[in-house]
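Right, one structure below, let's go through it.
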Amino acid sequence: MTYSLNSQQVAEASKQWLQERGVRIEDIAELTFFLQQNYYDTLTIEECQSSVEQVLSKREVQNAILTGIQLDILTEEGKLRSPLQEMIENDEGLYGCDEILALSIVNVYGSIGLTNFGYIDKLKPGIVQTLNDKSGPHKHTFLDDIVGAIAASASSRIAHRKQEEKEKKGLLPPS
């Protein structure tokens, strides 16, 4: 039997898995708005949500979501071998693979996404703070970074689109 990938299944699964882990598209849009609101007076939450949806449509993003969530679930179930189990379960400071996986998302959207990701990772606003809380049954070692990377990428996408709009309207000073 030949391996055949159904891209629609992957896209649907990534959104479903986010939802099952308590992450709504609106939560990520709020992070995106948080990152860009000071730069664009007319920015709307709907614009941010649309940008998040576009980021989520990318296969690289879906792959990172599915991989990260699966690793978080396996950690919660205690199914990883030691010492990896303890490192992920405790989100050890020297374990950076969670950020590296998230950077695979940000890399699709350039340096603005990268700097925004660093900012979100340090500040942990909104849903990222909730996901980062290790006191409950869920261990979102990967998901908090993935959600931050999606918002950072959506933010970068907005910045590039707004620049393009200004250029088309002739609103930038000549060089």
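The values are calculated or read from the model by the stated rules, or taken from the named source; none is laboratory data. Quick caveat: nothing in here was measured; it's all calculated off a predicted structure. Virtual Cβ from ideal backbone geometry, glycine too; neighbours counted across all protein chains shown. Ligands, DNA and RNA are stripped out before the accessible areas are found, and what is left, the full protein with its side chains, is counted by its heavy atoms. Shrake-Rupley method; radii C 1.70, N 1.55, O 1.52, S 1.80 Å.
Quick notes on this structure:
- A value for Cα Rg over 2.2 N^0.38 Å was derived from the coordinates, and within the list (i) 1.20; (ii) 1.10; (iii) 1.28 it appears as (ii).
- Accessible surface of ILE100, taken over heavy atoms with a 1.4 Å probe and every protein chain present, rounds to 110 Å².
- Modelled FRET efficiency - R0 41 Å, GLN19 with LEU172, Cβ distances, 0.05 increments: 0.55
- Reachable lysines, given that their alpha-carbon falls under 27 Å from the alpha-carbon of LYS168 and they are not under 8 places away in the same chain: LYS58
- Packing, as the average of other Cβ atoms within 10 Å across residues, places the peptides 68-74, 10-16 in the order 68-74, 10-16, highest first.
- Backbone HN-Hα couplings from phi across the range 64-79 [Karplus 6.51/-1.76/1.60, Hz, Gly and Pro as x]: 5, 4, 5, 5, x, 5, 4, 5, 4, 5, 4, 5, 4, 7, x, 9
- Surface accessible to a 1.4 Å probe, TYR40 within the full protein complex, Å²: 40
- Summarising the label geometry, the points placed 7 Å from Cα in the beta-carbon direction at GLU164 and THR115 lie 2.1 nm from one another.
- Across THR44, THR130, the residue with the most accessible area heads the list, and the full order at a 1.4 Å probe is THR130, THR44.
- In nm, spacing of pseudo-spin labels at LYS134 and ASN90 (7 Å Cα→C-beta vector): 0.7
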